[in-house]
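The values are calculated or read from the model by the stated rules, or taken from the named source; none is laboratory data. Quick caveat: nothing in here was measured; it's all calculated off a predicted structure. All Cβ positions, glycine included, derive from the backbone under ideal geometry; neighbour counts span all protein chains shown. Each accessible area value is taken on the protein alone, full model and side chains, heavy atoms only, with ligands, DNA and RNA left out. Shrake-Rupley method; radii C 1.70, N 1.55, O 1.52, S 1.80 Å.
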Amino acid sequence: MKNDSDTLRVKKKKYPTKLQILTSTYAFLYLLFIVGNITENTAPYNAEYIVVNLLFVLFLVGYFFSWKNERIAGLLFIFWWLGMWYLGLFVVETDRGAGVVMGLPLFILGILFIVSWYRKRLVKE
């Protein structure tokens, strides 16, 4: 027999989880990077600028889903990291590996979101 307090804890979460706090910290730092990139960019219509902004929008969608559905958020963050690989290998001309390395923590968070979703799914069953 399952404990009622355990099922209530799964259904109601008042406070953000550790993963959401870490993702919020990453989002703040990412926002600082984007604002700095906007103020320093002299050619806003080149391919690098467009891909960076599209990946930022993908990150924001993943961040939104991190509060709603952990599985989708994890998949979006992994897809975002693959986009960073595309950016680093095919689009940018300098600092090719910087985006991939700076995106590694979000890739790990994406995997942890999927693991967290899987564990919560097992608890519900």
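Observations on the model:
- Sites matching chymotrypsin sites (Phe, Trp or Tyr not before Pro) across the range 34-125 that sit in DSSP coil, with at most 13 neighbouring C-beta atoms within 10 Å: Tyr45
- Just the protein heavy atoms count here, and of the accessible area of the range 26-125 at 1.4 Å, carbon and sulfur take up 72 percent.
- Nonlocal Lys pairs with alpha-carbon distance under 17 Å, the chain (8 or more apart, or different chains): 19
- Relative contact order [Cα under 8 Å, 6+ residues apart], the range 47-105, whole percent: 29
- Placing unit charges on the Cβ atoms only, positive for Lys and Arg and negative for Asp and Glu, gives the range 25-125 a dipole magnitude near 660 debye about its Cα centre.
- Per principal axis, descending, Cα span of the range 20-86 in whole Å: 37, 22, 16
- In the context of the full set of protein chains, the chain has a per residue accessible area of 71 Å² (1.4 Å probe).
- Highest GNM mean-square fluctuation among Asn46, Asn69, Asn37, for the chain modelled with Cα contacts below 10 Å: Asn46.
- Value of relative contact order over the chain, rounded to a whole percent, pairs C-alpha under 8 Å and six or more apart: 26
- In terms of its alpha-carbon gyration tensor, the chain comes out prolate; a/c meets the 1.5 threshold, and the first ratio a/b outweighs b/c.
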